[in-house]
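Colleague: Shown below is the structure under consideration.
Please treat every number below as a calculation from the coordinates, not as lab data. Quick caveat, the model's predicted, so the values are computed rather than measured. Please note: Cβ atoms are built from the backbone with ideal geometry, for glycine as well, and neighbour counts cover all protein chains shown.
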Amino acid sequence: MSVVELREIFRQASRSRIIVNAHRINNGLLPDLHTAESSGPTAEDFFFIQQEDPQRVVEIILELTQSRIPHRFGLDPVNDIQVLTPMHRGLAGASNLNRRLQNELNPGQDLISRGEQSFRVKDKVMQIRNNYEKEVFNGDIGRIIRIDSFSRQVVCRFDDREVLYEAADLEEIVPAYAISVHKSQGSEYPAVVIPVLTQHFLLLQRNLIYTAVTRGRTLAVMVGTRKALAIAVKNDKPRHRYTHLEQRLASH
């Protein structure tokens, strides 16, 4: 059986640093960071900000999301910018980033809480399991439009649909200012911001970095260290799956 693999980048795609660097990552090469490194976004679409201190990485992500990207590119901090992180835990994990981003982008009184999650009107949230009755599915992102703190009911809008969540249903949604790269698969956002740190060592994988970068439609900003990025690009183990499928099919 003949196989064709597309390697050449043509026309407008060759002018996109997101696409060029995604191809480099996919081929096991570091992205071109020579013109990508800067203190903040300029006129291009791919940037790498070198920072080793995880706490400072979080602060930079807050600055990028709240002010620097919106002011430079005219993007909405909540609707247009998605923070993608390899892990849930840690300073640069989804849980901590969501708390920090929620306080910066949607400050106010916590109207309703469930476990460690607090929800406010206008919060960006994600459905984390399929609910066929409500017709919302794992990975759907919406916004909270109403909260009744007495009955503990929450109403979210997904596209043009309003969905009611009773108190027992709140475990199905989580804040979505920052989400895992895994949850972003199949989605696309105007801009993505991606922490890349050695504390994410267990999940620093080539396919994960490739997925994160290619979620950005017009802008991708990575914040972290060259070392962590090199570890991820070099680690292609998840792609090598030895199932012996060819031999099994031949035996039948």
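Colleague: Determine the gain in length on full extension of the stretch Asp53-Phe201; use 0.36 nm per residue of separation and subtract their C-alpha separation, reporting nm with one decimal.
Modeller: 51.8 nm
Colleague: With +1 assigned to the C-beta of every Lys and Arg and -1 to the C-beta of every Asp and Glu, and no other charges, what is the dipole magnitude of region 108-190 about the Cα centre in debye, to the nearest 20?
Modeller: 240 debye
Colleague: Positive end of the dipole of region 126-241, charges at C-beta (+1 Lys, Arg; -1 Asp, Glu), about the Cα centre: which of Val233, Ser151, Asn207 has its Cα farthest in that direction?
Modeller: Val233
Colleague: Per 0.36 nm of contour for each residue apart, how much would the distance between Ile145 and Arg161 grow if the chain were fully extended, relative to their Cα-Cα spacing?
Modeller: 4.6 nm
Colleague: Multiplying the sequence separation of Asp110 and Arg226 by 0.36 nm and subtracting their Cα-Cα distance, what value in nm do you get?
Modeller: In short, 37.9 nm is gained.
Colleague: Could you tell me what fraction of 2.2 N^0.38 Å the Cα radius of gyration of region 37-120 comes to, as a two-decimal ratio?
Modeller: Relative to the rule-of-thumb radius for its length, region 37-120 sits at 1.17.
Colleague: Can you compute the label reach from Arg129? Point 7 Å from Cα along the Cβ direction, backbone N cut-off under 18 Å, restricted to region 85-117.
Modeller: 114-117
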